[in-house]
Amino acid sequence: MKGVDAGWVAAAAGARLVAGQATAEGPRRAVVDSRTVGAGDLFVGIDGERADGGAYAADALEAGAWGALVEPAHADALSDASASAAILAADDSAAALARLATAWRSELGCAVLAVTGSTGKTSTKDILAALLASDRRTHASRENYNTEIGLPLAVLEAERGVEALVLELAMRGEGQIAELTAIARPDVGVIVNVGPVHLELLGTVERVAAAKAELIRDLPHGATCVIPADEPLLVPHVREDLETVTFGAGGDVALTNFEAGTATIDARGEVVELELDYDQPYNLDNTLAAVAAAQAVGVRPSGRVDVAFSSLRGEVVELPGGVTVVNDCYNANPMSMRAALEHLAGSPAQRRIAVLGGMAELGDREAEFHRAVGEQADALGIDVLIAVGELALGYRERFGGEAQAVASAEEAAAVLEEVAAAGDRVLIKGSRSVGLERVLAC
């Protein structure tokens, strides 16, 4: 937030400047974890479900924070904590953070591209950022900075002079995409796909589509909307005053050939050739969405694309002894499970082993979805299935191959060490709550 002062920060956040000079230069970014505070940071104390962040503001100031944005109960106690720090008080620090991010987004004056979807939104965001970076000074949200707290932090990390800002929007229920869209105010909105996720709260895939389509509803007049060509659930939400671009087979942006790492794409009549170091079918689809979005802001991608994928999303790890592991354990739902298993089945290997945790938040059809994944793994010829946790037991019901059930990621690691041999390829995938990242940590 260079180029603004403490008075601007307070006004933008709708906060009172309790201590510090209004003319002091502004902070470099905002953080909500006092353990990550560095010099020049604005610490925002969020009163959350697990802890009241305001209680850690004094620690943040002691660590060298530029200042603290906290609720009034904490502000007075901090006024003498530092002679130079800015102390800002707001009745709702989370709402103040959102207001500050919206104001900074306007201050940046750059193109904003927002990505959401039931699965693959983080990878699409990563691919889009790589495509744009070849032509524009680009900033993208880190990892999973995609919530009502994470998205404002991502915006506030962007530096003046950025030309393209790529943001990821997450949701679990109705109204959340609308809340994030109001902060980001995107020029381009991308919906990667719609699938059976968060059914515990939403109940049906139709309601999932409507929740994702809040992005379409709230785009400004004349903006660009990028959606899958084969998703009828989004058709009722398309607006005539937006430029709607479809991607995928039969869409405006489609893959015409993929060979030896080179993707040839028909992008609205323009031939685009990209050299990619990934070949998963789902990431090729994500690339089409990213090309459509890049084209919408005047970028014509070409040549080699080096994507820095976020952690735990399709990471390929070579283990001692010749075992290849695809560590895709950040999250899982029926759509992403099918895609990951199909890629595993199509990959060269002596044997194919799937270490699968349960899929969370699937509501009344939870058992059905887990049985279906087991049936898919069986039909695809997966050789060994290791089911991790109680939910994952459903996979075994319709899997006819070698299967084992374990209670934890640590037990899965022990079984994997016993069964995996040279030439095997292993997929590790499950919902975040299962903690499958511990399989490789053991």
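The values are calculated or read from the model by the stated rules, or taken from the named source; none is laboratory data. Remember, it's a predicted structure, so these values are computed and weren't measured experimentally. Counting neighbours? That spans all protein chains shown, and the Cβs are built from the backbone with ideal geometry, glycine included.
A few points about this structure:
- Leading residue by the ranking (farthest from SER134 (Cα to Cα)) among those in the range 254-286 that are out of contact with any strand residue (DSSP E or B) (no Cβ under 8 Å at 6 or more places or on another chain) and either among the β-branched types (Val, Ile, Thr) or assigned to a strand (DSSP E or B) (or both): GLU259
- Qualifying residue in the range 165-173 (condition: of a type outside the set (Asp, Glu), more than 17 Å from the chain's Cα centre (by Cα) and not assigned by TED's automatic domain parsing to the domain that holds GLY48): no
- The sole residue among GLY430, GLY423 that is of a type outside the set (A, V, I, L, M, F, W, C) and crowded, with 16+ Cβ neighbours inside 10 Å is GLY430.
- Selected residue (criterion: surrounded by the most Cβ atoms within 10 Å (Cβ to Cβ)) from residues of the range 1-21 that are modelled with pLDDT of 95 or more and part of a loop (DSSP other than H, G, I, E, B): ALA15
- When ASP91, ASP59, ASP76 are screened for being farther than 24 Å from ARG142 by Cα and out of contact with any helix residue (DSSP H, G or I) (no Cβ under 9 Å at 6 or more places or on another chain), only ASP76 passes.
- Across the range 287-323, the number of residues qualifying as surrounded by 18 or more Cβ atoms within 10 Å (Cβ to Cβ) and either of a type in the set (S, T, N, Q) or at positive phi (or both) comes to 5.
- Some residue of the range 387-406 being on the phi > 0 side of the Ramachandran plot, under 30 Å from the mean Cα position of the chain (by Cα) and in contact (Cβ under 8 Å) with a residue 12 or more places away in the chain: yes
- Subset of the range 309-345 that is free of Cβ contacts under 8 Å to residues at least 60 places away in the same chain and closer than 20 Å to ASP378 by Cβ - its residue that is nearest to the chain's Cα centre (by Cα): ARG338
- Odd one out for VAL115, checked against (1) in contact (Cβ under 8 Å) with a residue 60 or more places away in the chain; (2) more than 17 Å from the chain's Cα centre (by Cα): (2)
- Within the range 226-245, tally of residues that are part of a strand (DSSP E or B) and within 14 Å of LYS212 (Cβ to Cβ): 3
- Identity of the residue in the range 32-75, assigned to a strand (DSSP E or B) and not hydrophobic (A, V, I, L, M, F, W, C), that ends up nearest to GLU148 (Cα to Cα): ASP47
Residues checked against (1) buried (at least 24 other Cβ atoms within 10 Å of the Cβ); (2) touching a strand residue (DSSP E or B) at 6+ places or on another chain (Cβ under 8 Å); (3) part of a strand (DSSP E or B); (4) in contact (Cβ under 8 Å) with a residue 60 or more places away in the chain:
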{"site": "ILE177", "(1), (2), (3), (4)": "yes, yes, no, yes"}
{"site": "LEU180", "(1), (2), (3), (4)": "yes, yes, no, yes"}
{"site": "PRO186", "(1), (2), (3), (4)": "yes, yes, no, yes"}
{"site": "GLY189", "(1), (2), (3), (4)": "yes, yes, yes, yes"}
{"site": "ASN193", "(1), (2), (3), (4)": "yes, yes, no, yes"}
{"site": "PRO196", "(1), (2), (3), (4)": "no, no, no, yes"}
{"site": "LEU201", "(1), (2), (3), (4)": "no, no, no, yes"}
{"site": "VAL208", "(1), (2), (3), (4)": "no, no, no, yes"}
{"site": "ARG217", "(1), (2), (3), (4)": "no, no, no, no"}
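- Residue match in the range 310-324 (condition: within 18 Å of PRO348 (Cα to Cα) and touching a Lys or Arg at 6+ places or on another chain (Cβ under 7 Å)): yes
- The residues listed here are ALA339, ALA289; of these, the one that is outside the structural domain of VAL434 (by TED's automatic domain parsing), farther than 16 Å from VAL384 by Cα and not in a loop (DSSP other than H, G, I, E, B) is ALA289.
- Candidate set from the range 383-398 (those that are surrounded by fewer than 24 Cβ atoms within 10 Å (Cβ to Cβ) and in contact with a helix residue (DSSP H, G or I) (Cβ under 7 Å, 6 or more places away or on another chain)); member that is farthest from ARG351 (Cα to Cα): LEU391
- Residue match in the range 359-378 (condition: without any contact (Cβ under 8 Å) to a residue 24 or more places away in the chain, among the charged types (D, E, K, R) and surrounded by fewer than 16 Cβ atoms within 10 Å (Cβ to Cβ)): yes
- Residue tally, condition over 16 Å from ILE183 (Cα atoms), surrounded by fewer than 21 Cβ atoms within 10 Å (Cβ to Cβ) and not hydrophobic (A, V, I, L, M, F, W, C), over the range 219-229: 3
- Among the numbered conditions (1) at pLDDT below 95; (2) of a type in the set (A, V, I, L, M, F, W, C); (3) under 18 Å from the mean Cα position of the chain (by Cα), the only one that ALA209 does not meet is (1).
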